[in-house]
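Asker: Sharing a structure below in C-alpha cells format, with a few things to ask.
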Amino acid sequence: MANKAYQFRLYPTKEQEQLLAKTFGCVRFVYNKMLEERIQIYEKFKDDKEALKKQTFPTPAKYKKEFPWLKEVDSLALANAQLNLQKAFQNFFSGRAGFPKFKNRKAKQSYTTNVVNGNIKLSDGYIKLPKLKWVKFKQHREIPAHHIIKACTLTKTKTGKYYISILTEYEHQPVPKEVQTVVGLDFSMNTLYVDSEGKRANDPRFYRKALETLAKEQRILSRRKKGSNRWHKQRLKVAKLHEKIANQRKDFLHKESHKLAKLYDCVVIEDLNMKGMSQALHFGQSVHDNGWGMFTSFLQYKLEEQGKKLVKIDKWFPSSKTCSCCGQVRESLSLSERTFRCECGFESDRDVNAAINIKHEGMKRLAIV
Ligand SMILES: [Zn+2]
C-alpha cells in the first residue's frame, strides 16, 4: 500500500466558513483541555514510568457533557486532536521533540477528518464533508479511481484562503526497474543542485525576485505602528507574499524532481544534515529556503512510484576533495576554489567533480560497477 495526498483550494460559503472557524476553535479547545489534564497526570506520575503508562488519559467525549457546543462540530476532528496529542507525547518520550505545547490563537488553523461509512464524497466540483455538507472546491487534477480516500485535512491560511489535503491510499507494488541510467547530485546553495552531467537546476529567477520584494515589504512592516490599520494591511501583504513564495518554491521542487525521476533510473545524493549544516556554515535561512529536504522527499516518492531508486550516501564521503578521474583525495580544498585541479591533469568545475564522485559512490553501493 502506498499513500498520496492531493491538495485543492476550497471555496466555502459564509455559513460554512463560520462552521470551519468553530471547528478550528473546538479542536484547539479540546487539544488544550486534554493537554492540561495530561500535564497533571504527568506531574503526578513522572517519577514512576510504569504507573504513568497505566493511567487513563482524557478523551474528547468526556468534555462533550460539560461543553455541549462541542457536539456541533465534526467529532472526527476532535478525535484527531486526541491522536495528535498522543503523537506529541510519544515524540516527547522518545526524545524527538520537546514537551507538548498549548495551541494559542496564532496556531495553524487546521483540522483532520476521516472517511467513515462514505461520509466523504466527491462530485462535480464539490466535496461532501462531515457537518459541512457539500463544499465547493477547485479540482485541478483527478484522483485516480483505484485510490481510496482515507482522510482530509482542512486548513485556513493567514491570508484567509482555504485548502483541503485529501490523503489517499492505493495498492502499489512497482516492478523494480533495472538500473541503466544513474545521475549524481551535488547540493548547491544557489541553484539547488549540480548534476554529474554538468547540468544545474533551472534557476528560479522569479523566486529570488520575490524574496527581494518580501524583504522590502517586511522592512516596511517593521516601521509601521503595531496594531494600527496600516500595520494590519501591511501584515496581510507580507503574509500573501509568504504564501506565494512557498507555493512557487514547492512548484519548482516538484518540477525539478519530476524531471530527474523521469530521466534516470537511479539518483544518488549525499545524506546532508541540514540542521547541522545551517548552523555550522551560518547559511541559516538560505539552506531552508532552498528546500533540499522537501526536494529529496519529492524525488524519493517520484522514483519509487516507478520502481526506481534514490541512493543516499554517507555525508562524510569526501565528494569535493576526491578527483573523479584518478580517485586521488586532496588534503584540502578551500571554498573559494571553484575549479578542481588534480595532479593527474584533470580539471573540472568543483561542483560537477563532486557530483561525479557522488554518482560513482552510489554505483558502488548498487554494485553496478
Ligand atoms: Zn586526478
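The values are calculated or read from the model by the stated rules, or taken from the named source; none is laboratory data. In this text, all values refer to a predicted model and were calculated from it rather than measured experimentally. All Cβ positions, even for glycine, are placed from backbone atoms using ideal geometry, and neighbour counts span all protein chains on display.
Asker: So Lys250 passes all but one of these: (1) farther than 20 Å from Val352 by Cα; (2) outside any helix (DSSP H, G or I); (3) modelled with pLDDT under 90. Which condition number does it fail?
Answerer: Here Lys250 meets the rest and fails (2).
Residue-by-condition table, conditions (1) more than 14 Å from Arg28 (Cα to Cα); (2) surrounded by 14 or more Cβ atoms within 10 Å (Cβ to Cβ); (3) of a type outside the set (S, T, N, Q):
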{"residue": "Lys53", "(1), (2), (3)": "yes, no, yes"}
{"residue": "Pro58", "(1), (2), (3)": "yes, yes, yes"}
{"residue": "Ala61", "(1), (2), (3)": "yes, no, yes"}
{"residue": "Glu66", "(1), (2), (3)": "yes, no, yes"}
{"residue": "Glu72", "(1), (2), (3)": "yes, no, yes"}
{"residue": "Leu78", "(1), (2), (3)": "no, yes, yes"}
{"residue": "Leu83", "(1), (2), (3)": "no, no, yes"}
{"residue": "Gln90", "(1), (2), (3)": "yes, no, no"}
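Asker: Determine whether segment 280-292 contains at least one residue that is buried (at least 18 other Cβ atoms within 10 Å of the Cβ), hydrophobic (A, V, I, L, M, F, W, C) and modelled with pLDDT of 55 or more.
Answerer: Step one: list which residues in segment 280-292 are buried (at least 18 other Cβ atoms within 10 Å of the Cβ), which gives 287, 290-292.
Still in the running and hydrophobic (A, V, I, L, M, F, W, C): 287, 292.
So of that shortlist, the ones also modelled with pLDDT of 55 or more come out as 292.
Yes, that holds for at least one residue.
Asker: Checking the structure you have, find out if any residue of segment 75-98 is of a type in the set (D, E, K, R), out of contact with any Asp or Glu (no Cβ under 7 Å at 6 or more places or on another chain) and under 25 Å from Lys161 (Cα atoms).
Answerer: no
Asker: For segment 201-234, which positions are in a loop (DSSP other than H, G, I, E, B), within 27 Å of the chain's Cα centre (by Cα) and farther than 24 Å from Gln306 by Cβ? Step through it out loud before you land on a result.
Answerer: Step one: of segment 201-234, the residues in a loop (DSSP other than H, G, I, E, B) are 201-204, 224-228.
Within this subset, residues satisfying the condition of being within 27 Å of the chain's Cα centre (by Cα) are 201-204.
Matches in segment 201-234: Asp203, Pro204.
Asker: Continuing with this model, one more query. Read through the list (1) farther than 23 Å from Thr157 by Cβ; (2) surrounded by 12 or more Cβ atoms within 10 Å (Cβ to Cβ), then give the number of the only condition that Arg205 fails.
Answerer: Every condition holds for Arg205 apart from (2).
Each row is one residue, and each column tells you yes or no for (1) in a strand (DSSP E or B); (2) crowded, with 17+ Cβ neighbours inside 10 Å; (3) within 21 Å of the chain's Cα centre (by Cα).
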residue: Ser110; (1), (2), (3): yes, yes, yes
residue: Thr113; (1), (2), (3): yes, yes, yes
residue: Gly118; (1), (2), (3): no, no, no
residue: Ile127; (1), (2), (3): yes, yes, no
residue: Tyr163; (1), (2), (3): yes, no, yes
residue: Ile166; (1), (2), (3): yes, yes, yes
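Conditions (1) closer than 27 Å to Leu335 by Cβ; (2) touching a Ser or Thr at 6+ places or on another chain (Cβ under 8 Å); (3) part of a loop (DSSP other than H, G, I, E, B); (4) not hydroxyl-bearing (Ser, Thr, Tyr), marked per residue:
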| site | (1), (2), (3), (4) |
| --- | --- |
| His172 | no, no, yes, yes |
| Lys177 | no, no, yes, yes |
| Tyr193 | yes, no, no, no |
| Lys240 | no, yes, no, yes |
| Lys244 | no, no, no, yes |
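Asker: OK, next. Among the residues of segment 307-335, what is the count of those that are in contact with a helix residue (DSSP H, G or I) (Cβ under 7 Å, 6 or more places away or on another chain) and modelled with pLDDT of 90 or more?
Answerer: 9
Asker: Pairs under 7 Å by beta carbon, first residue more than 17 Å from Val175 (Cβ to Cβ) in segment 298-312, partner surrounded by 18 or more Cβ atoms within 10 Å (Cβ to Cβ) and among the aromatic types (Phe, Trp, Tyr), six or more apart or different chains?
Answerer: none
Asker: Here's a follow-up. Please work out which residue is farthest from the ligand (Cβ to nearest atom), limiting yourself to segment 311-353 and to residues that are within 34 Å of the chain's Cα centre (by Cα) and part of a strand (DSSP E or B).
Answerer: Ranking the candidates gives Lys312 first.
Asker: May I pose another question? Please determine whether any residue of segment 5-27 is at pLDDT below 95, surrounded by fewer than 18 Cβ atoms within 10 Å (Cβ to Cβ) and among the β-branched types (Val, Ile, Thr).
Answerer: no
Asker: Additional query: Let me spell it out: the conditions are (1) part of a loop (DSSP other than H, G, I, E, B); (2) free of Cβ contacts under 8 Å to residues at least 24 places away in the same chain; (3) small (Gly, Ala, Ser), and Gly198 meets all of them except one. Which number is the exception?
Answerer: Against the list (1) part of a loop (DSSP other than H, G, I, E, B); (2) free of Cβ contacts under 8 Å to residues at least 24 places away in the same chain; (3) small (Gly, Ala, Ser), Gly198 comes up short only on (2).
Asker: Here's something else I'd like to know. Looking at (1) closer than 30 Å to Tyr163 by Cα; (2) modelled with pLDDT of 90 or more, can you tell me which one Leu263 breaks?
Answerer: Condition (1) is where Leu263 drops out.
Asker: Those residues that are over 13 Å from Glu15 (Cα atoms) and either in contact with a helix residue (DSSP H, G or I) (Cβ under 9 Å, 6 or more places away or on another chain) or part of a strand (DSSP E or B) (or both), I need them from segment 129-147; list them, please.
Answerer: Across segment 129-147, the qualifying residues are Leu129, Pro130, Phe137, Lys138.
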